[in-house]
Each structure stands twice: as structure tokens, then as C-alpha cells.
Amino acid sequence: NPDYLRYYYAGKSSGGVEDLGLNLDDFALRVNADLVGKFVNIASRCAGFVSKFFDGRLAQLSSADLGIYAEHSARLHARCRAAYDQRDFGLVLREVMAVADSVNGLIAERAPWVLAKDESKRGELHAICSLALSLFRLLAAWLKPIVPALAQASEDFLGASVRAFEDVAEPLPAGHAINPFSALATRVDPKQVEAMVDASKDTLAPAPEKQPA
């Protein structure tokens, strides 16, 4: 997946002139932990509840949740915009994944899977899922220059395009409809990496020397 390689190399780039190596074990670890385990995990944990209980539509956020969104949005705009200007892609990804950690922590704290079992908690369930999906879109926007295909798939799922960072200054509005969730990214299987390396050995082998006529 080209986006995976883009993510890996971007994480090693600080804007200067550098030699970048490819450690395949580290590559698989970073993609699986960050793109799948942190970023896509936000959508996969919440989208199903919105589709099942709320006809795929988001809730109006409370003032407290609007404040949470505004805080994360302001942080990424202040730090990542400057980092992009300086081509410090590693800093961009560290900031984005720090926010992703925070969002996953918020989801774990409010535990939508527990709320879903109690009909009296539907409002709380709707609130955390709606906030999380708006924050997922925020993260997708800041990742888009680095992993454009994954970001586009995220936009298609959310039913909301992002053309500029300013598009995510505000969360998705109440009543906004999302599309059914399907896997946006899959984990890198070390066995697939090994197979890829084995398949490339013939290509990378030096050409045989021509025999004199």
C-alpha cells in the first residue's frame, strides 16, 4: 500500500536532507500501531453504533464537547500548519497521533459499548460517537497530504469532503449522515512482507554478465 510507505517515510522526515532507511519490522509496527490501531480504530469503534441506533446521523454536540473539539482543532492548526510549511512531516505525525491517543482515551473513558446496552443512555452514546467521528475527520484532514488515499476513503465514509484545513475548523453538524463503515485500513502481516521481499529477490539480483561472443 503506497500510503503505508508514505506514512513510514514521513514519520522519519524532519524537513532536512536525510538518508532514510527502510526497516521492515519497524514499518509494520508503525503502520499497525498508528494508522490502524489509533487512527482507523476511532471510526471502527463508533460508526456501528451511529448506524444501528441513530439511522447513521450525528448528534448536536454539547458545549463541553464543542470545547474538546475546538481544543484539538486549535492544537493541530497551530502546530501542524507550521510543521507542513517547514516540511517537518515527522512532527505533523507525532502531533496527529498524540491527538488520536487522546480521542481513543476519551472513547475508552465513556465506553460506548457499555452505553449501548442501556436504552436510557442513548443520548450519551450518541454524543460520544458523534464527537469521536468529528475528531476522526479532523485527524483525516491533517493526515491527508501524507496518506491521501486513506484520507479520501475516510471522507467517503463520513460523507464529507475536505479541501482545506479550514474545512475542519468546526465539527460535523447535527443530523449529518455518515455512510456504512467498512475497513479503511488493514494491518500489515509480517508474512506478507516476507513474501514481498522473497518475490523481489529476482528483481534485485544483479544482471548476469554478458558472455563474450
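The values are calculated or read from the model by the stated rules, or taken from the named source; none is laboratory data. Being a predicted model, the structure only gives us computed values, none of them experimental. Because the Cβ atoms are built from the backbone with ideal geometry, glycine has one as well, and the counts that use them run over all protein chains shown. For the accessible areas, the whole protein counts, side chains as well, though only heavy atoms, and no ligand, DNA or RNA atoms are used. Shrake-Rupley method; radii C 1.70, N 1.55, O 1.52, S 1.80 Å.
Would you please calculate the Kirkwood hydrodynamic radius of region 1-87 over all C-alpha pairs and express it in Å, rounded to one decimal?
16.1 Å
Using Rg/Rh (Cα atoms, Kirkwood Rh) as the read-out, say which of (1) 1.16; (2) 1.08; (3) 1.26 was calculated from these coordinates.
Identified label for the calculated read-out: (2).
Using a 1.4 Å probe on the protein chains only, how many percent of the accessible area of the chain belongs to carbon and sulfur? Could the numbers behind the result be given before it?
Values: 6080 of 11400 Å².
Heavy-atom surface of the chain belonging to carbon and sulfur, 1.4 Å probe: 53 percent.
Would you work out which of PHE181, CYS80, GLY123 lies farthest towards the positive end of the dipole of the chain? Charges go on Cβ: Lys and Arg +1, Asp and Glu -1.
GLY123
Could you let me know the centre-to-centre spacing of region 1-59 and region 114-154, using Cα atoms, in angstrom?
Value for the Cα centre distance between the two parts: 14 Å.
Could you list which residues have their amide H under 5 Å from that of VAL188, counting only those 5 or more apart in sequence or on another chain, with H placed in the peptide plane?
Sorted by chain and number, the residues that satisfy this are ASN32.
Treating only the Cβ of Lys, Arg, Asp and Glu as charged (+1, +1, -1, -1), what charge dipole size does region 1-116 show about its Cα centre? Round to the nearest 20 debye.
On the way: 13 positive and 14 negative charges, 63 e Å.
Roughly 300 debye for region 1-116.
Helix 148-158: angle to the longest alpha-carbon principal axis of the chain, degrees 0 to 90, nearest 10?
20 degrees
Please report the relative contact order for region 1-116, taking Cα pairs under 8 Å with a sequence separation of at least 6, and give it as a percent rounded to a whole number.
Taking the mean separation of contacting Cα pairs over the length of region 1-116, I get 42 percent.
How high is the relative contact order of the chain, given as a whole-number percent (alpha carbon pairs under 8 Å, six or more residues apart)?
Computed over the chain, the figure is 33 percent.
Taking the Cα centre of region 103-153 as origin and charging only Cβ (+1 Lys, Arg; -1 Asp, Glu), how large is the dipole, in debye to the nearest 20? Mind dumping the intermediate values first?
Numbers: 6 positive and 4 negative charges, 30 e Å.
In total the dipole reaches around 140 debye.
At 0.36 nm per residue, and after removing the present C-alpha to C-alpha distance, how many nm does the segment from GLU170 to LEU24 gain when stretched out fully? Please list the in-between numbers first.
Numbers: separation 146, 0.36 × 146 = 52.56 nm, distance 3.80 nm.
Length difference between fully extended and current span is 48.8 nm.
Given the DSSP H assignment, sum -39500 (n - 2.57) over each helix run of at least 4 residues in the chain and divide by its residue total; what's the result at 222 nm in deg cm²/dmol, nearest 500? Walk me through the numbers before you get to the answer.
Working: 9 runs with 128 residues, N = 213.
Using -39500 (n - 2.57) per qualifying helix, the result is -19500 deg cm²/dmol.
Starting from 0.36 nm per residue, how many nanometres of slack lie between GLU71 and ALA199 once their C-alpha separation is accounted for? Intermediate results must be reported in sequence, preceding the final value.
Details: separation 128, 0.36 × 128 = 46.08 nm, distance 4.72 nm.
Net length gain for the segment: 41.4 nm.
Based on the alpha-carbon gyration tensor of region 113-198 and its eigenvalue square roots a ≥ b ≥ c, which shape applies: rounded if a/c is under 1.5, prolate if not and a/b is larger than b/c, or oblate?
oblate
Could you tell me which residue out of LEU20, TYR4, GLY48 lies farthest along the dipole of region 1-49 toward its positive end? Charges go on the beta carbon: Lys and Arg +1, Asp and Glu -1, centred on the Cα centre.
GLY48
Taking the chain as a whole, which cysteines find no other cysteine Cβ under 4.7 angstrom from their Cβ?
CYS80
Can you count the Lys pairs in the chain whose Cα atoms are under 26 Å apart, with each pair 8 or more apart or on different chains?
Step by step, the pairs that qualify in the chain add up to 13.
Looking at the square roots a ≥ b ≥ c of the eigenvalues of the Cα gyration tensor of region 76-157, which shape do they give, rounded for a/c under 1.5, prolate if a/b is larger than b/c, or oblate?
Numbers: a/c = 3.44, a/b = 2.20, b/c = 1.57.
It is prolate, given that a/c is not under 1.5 and a/b is the larger ratio.
Tell me, in nm to one decimal, what length is gained between ASN179 and ALA149 on full extension, where the rule is 0.36 nm per residue of separation less the Cα-Cα distance?
Once the chain is fully extended between ASN179 and ALA149, it gains 9.1 nm.
At 7 Å along the Cα-to-beta-carbon direction for both ASP189 and SER102, put a label point, then send me their distance in nm to one decimal.
3.7 nm
So, in nm, how far is label GLN86 from label ARG163 when the simple model puts each one 7 Å beyond its Cα toward the Cβ?
Going from the GLN86 label point to the ARG163 one covers 3.1 nm.
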